[in-house]
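The values are calculated or read from the model by the stated rules, or taken from the named source; none is laboratory data. Since we're looking at a predicted model, the values are computed, not measured. No Cβ is skipped: glycine too gets one built from the backbone with ideal geometry, and neighbour counts run over all protein chains shown. Side chains included, ligands, DNA and RNA excluded: accessible areas come from the protein's heavy atoms. Shrake-Rupley method; radii C 1.70, N 1.55, O 1.52, S 1.80 Å.
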Amino acid sequence: MVEARAEFIEGLALVLAGSGLQRMAARVLGAVLSSETGSLTVPELTETLAVSPAAISGAGRSLIQAGFLIKSRNPGDRLDSYSLGSDHWYEAVISRNPVYPRLAAEFDRGVGAVGAETAAGRRLAETRDFFSFVAERTPALVEEWQALRAARAEGS
């Protein structure tokens, strides 16, 4: 089981790193996601991933900034924990992520900079339209996921 979990963590890290997430951050996220409690202390993470506390700290900071994890400390405890915050962390990340409208606005600015009738302008406009579409559709996707999740829970 321990070896299978380690293989999962590394496999997930490769996929997420290929999508732009830092590899150590992806490993930390995989370890927390696959933990029984959904929360791990820094010493637990260093043991699970065989890395230094400094590596965990840097990765943890980037995951907190991205909204994937929260850092907390239980009262009377001297150890920080990284956890998933809630069962809906993925919805929060997707639905609150302002990057798509910001990207659309920047691509729109690019269209204005190079001219809408140029090849570059048409390419930038199509990219702008794609990110506008994603921004517009994201809330509906989250609602669809919530309905599917609720239906699955009722069927259990």
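If the condition is being in a loop (DSSP other than H, G, I, E, B) and within 18 Å of Glu10 (Cα to Cα), then segment 30-67 contributes Ser34, Ser35, Glu36, Gly38, Ala50, Val51, Ser52.
Test Glu7 against the stated conditions and say whether it is among the charged types (D, E, K, R) and modelled with pLDDT of 95 or more. When the stated conditions are applied, Glu7 passes them.
Residue-wise test of (1) open to solvent by less than 40 Å² (accessible area, probe 1.4 Å); (2) modelled with pLDDT under 95; (3) within 28 Å of Gln146 (Cβ to Cβ); (4) of a type in the set (Lys, Arg).
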| site | (1), (2), (3), (4) |
| --- | --- |
| Glu3 | no, yes, no, no |
| Ala17 | yes, yes, no, no |
| Gly38 | yes, yes, yes, no |
| Glu47 | no, no, no, no |
| Phe68 | no, yes, yes, no |
| Arg78 | no, yes, no, yes |
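Can you say whether Ile94 is part of a helix (DSSP H, G or I), open to solvent by 60 Å² or more (accessible area, probe 1.4 Å) and free of Cβ contacts under 8 Å to residues at least 40 places away in the same chain, as far as the supplied structure shows? So Ile94 does not fit the description; no.
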